[in-house]
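Accompanying notes for the structure given below.
The values are calculated or read from the model by the stated rules, or taken from the named source; none is laboratory data. These figures come from a predicted structure and were not determined experimentally. Counting neighbours? That spans all protein chains shown, and the Cβs are built from the backbone with ideal geometry, glycine included.
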Amino acid sequence: MKINSLSIVFPFYNENLRINKCFQDIKKFNKFNKSLNIEYIFVDDGSSDNTCKKILEFINKNKKKFNKKYKLIKLKKNIGKGEALKKGVLKSKKNWILTLDVDISVSLMQLNFWLEKKFIKSNKKIFFGSRNIKKSKVYSKFHRKFIGFFFRSIVKLLFSINLNDTQCGYKLYYNKIAKKIFSNLTEKGFIHDVEIVLLARKYNFKIEELPVIWTHKKNGKINLVLDSIKMFLSLIFLKIKFI
């Protein structure tokens with residue numbers, strides 16, 4: 001299946017130290033996809049650093065190159081990644097929507113690989129990048145892999161979700177499916193990925209996991225202990241919500 005137009009949504013919060021890698025990846029992706037109709041949507045989740053300033057400078061320098069469109073959406077306060085994604089997706093106008101993290105743990109170029117391998121065969125599915133399937137390559141520390149395994153086990157136990165990876169931010173949706181999912185999304189934090197799966201199940205949208213090359217990047221803002229506890233409690237509340 002061919003993708004004729006694409007919205008790319010980047011949620012972010014205080015990414016001053018990592019945003020330049022994102023800019024480099026965008027430039028590379030644009031060169032390889034000169035004819036593709038693309039809009040980039042950056043959603044600021046209440047940042048207090050100068051990430052927005054850098055993004056606006058990048059937009060001004062590149063908005064006339066390759067005929068790509070750029071948009072910056074600002075939330076007044078830090079609400080959560082789920083809410084930032086929701087704002088970006090609901091503002092998206094192209095036929096397909098790709099969401100990913102500005103740290104470029106998975107490159108935009110991964111989509112080219114998916115298309116070259118003809119993995120995208122239907123616009124009726126949601127495509128999840130998965131770090132835990134065959135052919136994926138993951139460069140991460142052991143303790144992060146262990147926490148990921150523990151989280152996946154809890155998700156499978158609570159929700160009977162038979163996916164290998166719900167939390168990878170690299171996801172591709174057909175526009176109508178994304179709008180249906182995100183217009184009903186209520187989780188504002190990191191558990192939004194699990195709710196996406198539950199909403200997809202509710203509306204009978206199939207999810208297909210695809211391989212990615214995923215590399216852990218420094219200067220992340222997740223506290224492995226405190227945020228793990230928060231995510232566990234959020235999973236319990238989400239379970240109650242979907243009973």
*Does the stretch 17-43 hold any residues that are of a type in the set (A, V, I, L, M) and more than 16 Å from SER7 (Cα to Cα), and which are they?*
LEU17, ILE19
*Do you know which of the residues in the stretch 124-173 that are among the polar types (S, T, N, Q) and closer than 22 Å to SER107 by Cα is modelled with the lowest pLDDT?*
SER140
*Determine, yes or no, whether LYS124 is more than 30 Å from LYS202 (Cα to Cα), exposed (fewer than 14 other Cβ atoms within 10 Å of the Cβ) and over 15 Å from the mean Cα position of the chain (by Cα).*
no
*In the list PHE32, PHE42, PHE58, PHE66, which residue meets the criterion of being on the phi > 0 side of the Ramachandran plot and among the aromatic types (Phe, Trp, Tyr)?*
PHE66
*Checking SER153 against (1) farther than 30 Å from ASN4 by Cβ; (2) in contact (Cβ under 8 Å) with a residue 12 or more places away in the chain, the condition it does not meet*: (2)
*Would you check if LYS69 is within 17 Å of ILE97 (Cβ to Cβ) and touching an Asp or Glu at 6+ places or on another chain (Cβ under 9 Å)?*
yes
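Here is a yes/no grid of residues against (1) in contact with an Asp or Glu (Cβ under 6 Å, 6 or more places away or on another chain); (2) under 18 Å from GLY88 (Cβ atoms); (3) of a type outside the set (Asp, Glu):
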| site | (1), (2), (3) |
| --- | --- |
| GLY129 | no, yes, yes |
| LYS137 | no, no, yes |
| LYS141 | no, no, yes |
| PHE150 | no, no, yes |
| VAL155 | no, no, yes |
| ASN175 | no, yes, yes |
| ILE181 | no, yes, yes |
| GLU195 | yes, yes, no |
*Would you check if there is a residue in the stretch 44-64 being of a type in the set (D, E, K, R) and modelled with pLDDT under 95?*
yes
*If a residue has to be on the phi < 0 side of the Ramachandran plot and either part of a strand (DSSP E or B) or exposed (fewer than 13 other Cβ atoms within 10 Å of the Cβ) (or both) to count, how many in the stretch 135-175 make the cut?*
16
*Of all residues in the stretch 194-214 being assigned to a loop (DSSP other than H, G, I, E, B) and touching a residue at least 60 places away in the same chain (Cβ under 8 Å), which is farthest from ASP101 (Cα to Cα)?*
PHE205
*Across the stretch 176-193, which residue is farthest from ASP227 (Cα to Cα) among those that are part of a helix (DSSP H, G or I) and of a type in the set (Val, Ile, Thr)?*
ILE177
*So which residues in the stretch 182-203 are under 14 Å from the mean Cα position of the chain (by Cα) and either at pLDDT 95 or above or surrounded by fewer than 21 Cβ atoms within 10 Å (Cβ to Cβ) (or both)?*
PHE182, LYS188, GLY189, PHE190, HIS192, ASP193, VAL194, GLU195, ILE196, VAL197
*asked:* Can you confirm whether LYS63 is among the basic types (Lys, Arg) and over 29 Å from PHE119 (Cβ atoms)?
replied: yes
